[in-house]
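Input: a single structure, listed below in structure tokens.
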Amino acid sequence: MPVTFALSYGISFAVMTCVPTYIFINHYRDIIGAFNPSRKKDVHSRLIERYPDTPWWWYGILTVIVLVLSVVVQVVYKTQMPVWGIFVAFGLALVYLIPTGSVYAVANLNSNVLTVLGEIVSGYLIPGKPIVMLIFKFYAYTGLSQAMIFASDMKLGLYMKIPRRTLFAAQLTACVVGSLTQNAVLLWMLDHVDGICSEKQPNGYTCPQGRVNFSSSVVWGAIGPARLYSVGKMYSGLLHFFWIGALLPVVTFFLKKRVPNSRFLRYLHWPLVFAGTGNVPPATGLNYTSAFVVSFIFNKWLKGKYPQWWAKYNYVLSAALDSGLAISAIVIFFALVFPGVNLSWWGNNIQKTTVDGQGIPWKLIPPNGTFGPATWS
């Protein structure tokens, strides 16, 4: 594997142990208190009680429907995914929901690494089946991601005092419409965009995330983790990230007790350190440096120099830029890309001349060479 790809797996191993450890030792009282029915409710919770609650059986029926559909899809399409694998995948999502959701609530960072954990579990339990591995890991990853997004919407609805049943109906409708629309657009683009997912696609529709998923299906599904990551194998050194991720939050926790006035320790957040690199690959240094520059300008310079402007417009501007990007992407695609209009100028071409844009590796594979051994035992 390329160094970046291998290192990204090691960091994901650290996130798997770092996030639960950090959340438990720093927020276990909050977690226990959340399950206490006699706890004192804040003003938002008291105000929302004016509206009728969503019955638990609504969620129960929805859960049963989703599980049944998941099983039916595997049987009808003969994916070789065992039924018990579906329940294991959703079980992983359930275990990581509170730790990952807590980091998401505090830092607005998705530390969901169930893609990698799903690859490990499926690679050992269902070896030699790349398609099954992809299905398993995406059931786990998507299950957790959707749960966090749902909880995030519920949190916003609580602050906005939106009736809970109305919010439930809106979320359910959005999920159904969004799923159908997304798949329809994907199938349409695969049939109508020339050269889609090829390296030389002129408009940048190269499907980088799809390439990463293909590579991971080979590594974890076809070859399998037992041949790569078990003790004594080629990448077994990456297993050290498991104990590093678990140990660092504990050490930092006790150092804060000894040095309570340290600003560095107070702001040191290990889940952010490790999970912040979760988009590599396919993200490159260009993506991270751009994000750093924008964050420094708005959350450091503007916040310090114009705090009132920042408080009033910063997050509104962020939402506006996100919305503008989505709308402009649709307009540009149908107005320029789909009709075949080619706009060649410096702003469109400069990134293609960089090392990142050309995908130039640090070291090349020698003639007739391979990554790792030529045969697998």
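Do we find that residue 248 is in the same structural domain as residue 15 (by TED's automatic domain parsing), in contact with a Phe, Trp or Tyr (Cβ under 7 Å, 6 or more places away or on another chain), within 26 Å of residue 19 (Cβ to Cβ) and among the hydrophobic types (A, V, I, L, M, F, W, C) in this structure?
Here the answer is yes, as residue 248 does meet what is asked.
Here is a list: 215, 230. Which entry is of a type in the set (S, T, N, Q), modelled with pLDDT under 90, assigned to a helix (DSSP H, G or I) and within 26 Å of residue 138 (Cα to Cα)?
Only one candidate passes the filter, namely 215.
Looking at (1) surrounded by 12 or more Cβ atoms within 10 Å (Cβ to Cβ); (2) touching a residue at least 12 places away in the same chain (Cβ under 8 Å); (3) in a helix (DSSP H, G or I), can you tell me which one residue 281 breaks?
(3)
Say whether the condition of being among the aliphatic types (A, V, I, L, M), within 21 Å of the chain's Cα centre (by Cα) and part of a helix (DSSP H, G or I) is met by at least one residue in region 182-205.
yes
State whether the residues of region 115-128 include one that is assigned by TED's automatic domain parsing to the domain that holds residue 28, part of a loop (DSSP other than H, G, I, E, B) and in contact with a helix residue (DSSP H, G or I) (Cβ under 6 Å, 6 or more places away or on another chain).
Within region 115-128, one or more residues are assigned by TED's automatic domain parsing to the domain that holds residue 28, part of a loop (DSSP other than H, G, I, E, B) and in contact with a helix residue (DSSP H, G or I) (Cβ under 6 Å, 6 or more places away or on another chain).
Among (1) in contact (Cβ under 8 Å) with a residue 60 or more places away in the chain; (2) touching a Phe, Trp or Tyr at 6+ places or on another chain (Cβ under 9 Å); (3) not polar (S, T, N, Q), there is one condition residue 59 misses while meeting the rest; what is its number?
That leaves (1) as the condition not met.
What are the pairs, 6+ residues apart or on separate chains, where a residue within region 208-236 that is touching a residue at least 12 places away in the same chain (Cβ under 8 Å) and surrounded by 15 or more Cβ atoms within 10 Å (Cβ to Cβ) has its Cβ under 6 Å from a residue that is assigned to a loop (DSSP other than H, G, I, E, B) and among the small types (Gly, Ala, Ser)?
Listed pairs, sorted by first residue: 234/372.
The values are calculated or read from the model by the stated rules, or taken from the named source; none is laboratory data. Note that this is a predicted model, so its numbers are computed, not measured. Heads up, the Cβs are rebuilt from the backbone with ideal geometry, glycines too, and the neighbour counts pull from every protein chain shown.
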